[in-house]
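The numbers here are math on the coordinates, done by the rules we state, and not lab data. Worth saying up front: this structure is predicted, and the values here are computed from it rather than measured. In this analysis, Cβ positions are derived from the backbone assuming ideal geometry, glycine residues included, and neighbour counts consider all displayed protein chains.
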Amino acid sequence: MKRFGASGAGTWRGMAAMTTAVAAALIMAACQPDRPATEAAADKPAPAIDTTPAAAEPAAAPAELKDVIERDPRYLVGISYPPGLDRYPGLAAAVRQYGEAARAELMQAVEGLGNDKPTAPYELSLAFQQVLDTPGIVAVAADGSRYTGGAHGEPLVARFVWLPARNEMLTAQKLIVTREGWAGVGQYIATQLHDAAQKRTEADKLPPPDAEALLKNADKMIAEGTAAEAGNFEQFVPLLDATGKIAAMRFVFPPYQVGPYSDGTQSVDVPAAILRPLVAPDYTELFAP
């Protein structure tokens, strides 16, 4: 994976040996909507997990979503799912696929240990929360971390937007189909992220040379992370007005995409007034005029 204003998300704690009760607490702590706090991240971004449906979401049997709690001397797994997603088989299948892929990545790292035992158990903490549930749009947020050694866990950040009436997932590739369209979105987001980075620099009261260098580095990462490619904007959640129309789209960026580790997960709300002229004609009606 690669993600009106910019905000950071909360700092992830380093992993240590823990009991099942701690693992459960981690799961519950992850079940929160996007919020302005700094999240701890890994020394490298988490491997990308494809959240794009493989086909046009065929009406398969509902995916059975069951919370997962596993404890072994070498690893801990905690995955929680929201109830009721089986009403939307395609959405449930995508959510389950993401959870299973995250666990598979962890188990691959565990298998790589051979007969060795890690100094701290490898750990997966992942929570899915239904953040939007309307007749027209349903959205699920996935937040968590995966620890496979080192000082920090890898952040896991994903968003799923389902259109019940159309029985399809709304993806970045479908939302805006032109490079020019994403260029316009990226420019708006880059400006908001730059302003946020500048405010953080001013709040830290760094010496002018240090502040200038820090902001220069931030601008470089912002430019790369908001380049005009749909893949840079895969994670988003609609913000609706009183009529159920999309008033803004909150784009979410995991650590390292548009800022250093210390900045954590960031998000920017892009108004419908900017998006509506850029989105594909099939989805224009979803947005407020």
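Note that region 172-189 has calculated 3J(HN,Hα) couplings of 4, 5, 7, 4, 10, 9, 10, 5, 4, x, 5, 4, x, 5, x, 5, 5, 5 Hz, one per residue in order, obtained from phi through the Karplus relation 6.51 cos²θ - 1.76 cosθ + 1.60 (θ = phi - 60°); glycine and proline are x. Residue by residue, region 258-264 carries 3J(HN,Hα) couplings of 10, x, x, 3, 5, 7, x Hz when phi is fed to the Karplus relation 6.51 cos²θ - 1.76 cosθ + 1.60 (θ = phi - 60°); x denotes Gly or Pro. The spacing between region 196-230 and region 67-145, judged by their C-alpha centroids, is 32 Å. Can you bin region 136-239 into rounded, prolate or oblate? Criterion: square roots of the alpha carbon gyration tensor eigenvalues sorted a ≥ b ≥ c, rounded for a/c under 1.5, prolate for a/b above b/c, oblate for the rest. Since a/c reaches 1.5 but b/c is at least a/b, the shape of region 136-239 is classed as oblate. Taking 0.36 nm per residue of separation and subtracting the current Cα-Cα distance, fully stretching the chain between VAL68 and VAL177 would add 35.5 nm.
Packing around the peptides 157-165, 114-122, 190-198, taken as the average count of other Cβ atoms within 10 Å per residue, puts them in this order, highest first: 157-165, 190-198, 114-122.
By definition, a body whose alpha carbon gyration tensor gives a ≥ b ≥ c is prolate when a/c is 1.5 or more and a/b is larger than b/c, and region 173-286 fits this prolate description.
Ranked by the mean number of other Cβ atoms within 10 Å of their residues, highest first, the peptides 70-83, 243-256, 202-215 fall in the order 243-256, 70-83, 202-215.
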